[in-house]
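**Q** Let me give you the structure first, and then I'll get to my questions.
Here, each number is a calculation from the coordinates, and none is a lab measurement. Everything numeric in this text was worked out from a predicted model, so none of it was measured. Cβ: placed from backbone, ideal geometry, glycine included. Neighbour counts: every protein chain shown.
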Amino acid sequence: MLLLSHIISYDIWYYILHIMLHNRHLYFLHKKHHKKRYNELTYLDAYSGEIIEMPLQSVGLLVPYVIIEKNNVILFSAFIYIFVRGLMEHDKRFIWLVGDHHILHHTYPNYNYGEKWIDNLIGTNKNE
């Protein structure tokens, strides 16, 4: 359950941060990540962006660590899961496993800001 709390916390924070990074005043921090579109993306593009993005994204992962329980093994496991998931979500070869939800965001940047569950909940989901 603690592992799941890290992942959900990360997903919520990532969604909020991603919406903020698409704001015209902050987009300069995220623009580099959107250089490639749907057909050009590979796992190498998952963490391409400005140097500040990765540390900012990680804040959500740490919330349960600070509030609920300090468990280094669970925190590291959650980090590995989120890191690998991010790689797969940027590579069409893994659509069969993780879907194309985030890849579509690179074609329709006003939709699919986070994981499919949160985009469905908030109303920012787009299927092609």
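**Q** Return the label of the correct value of Rg/Rh (Cα atoms, Kirkwood Rh), as calculated from the structure shown, out of (i) 1.11; (ii) 0.92; (iii) 0.95.
**A** Of the labelled values, this structure produces (iii).
**Q** On to the next question. Once the dipole of the chain is set up with Lys and Arg at +1 and Asp and Glu at -1 on Cβ about the Cα centre, which of Leu4, Leu61, Ile95 lies farthest towards its positive end?
**A** Going by the charge dipole, the pick is Ile95.
**Q** Can you tell me the order of 11-23, 73-85 when each peptide is scored by its average per-residue count of other Cβ atoms within 10 angstrom, highest first?
**A** Most protected by this proxy first, the peptides run 11-23, 73-85.
**Q** Where does helix 2-21 land angle-wise versus the long Cα axis of the chain, in degrees 0 to 90, nearest 10?
**A** 40 degrees
**Q** Expected output is a single nm value to one decimal: the length gained when fully extending between Val59 and Phe28, i.e. 0.36 nm times separation in residues minus the C-alpha distance. What is it?
**A** So the chain would gain 9.2 nm between Val59 and Phe28.
**Q** Something else now. For Thr107 and Met88, compute 0.36 nm times the residue count separating them, minus their Cα-Cα distance, and round to one decimal in nm.
**A** 5.1 nm
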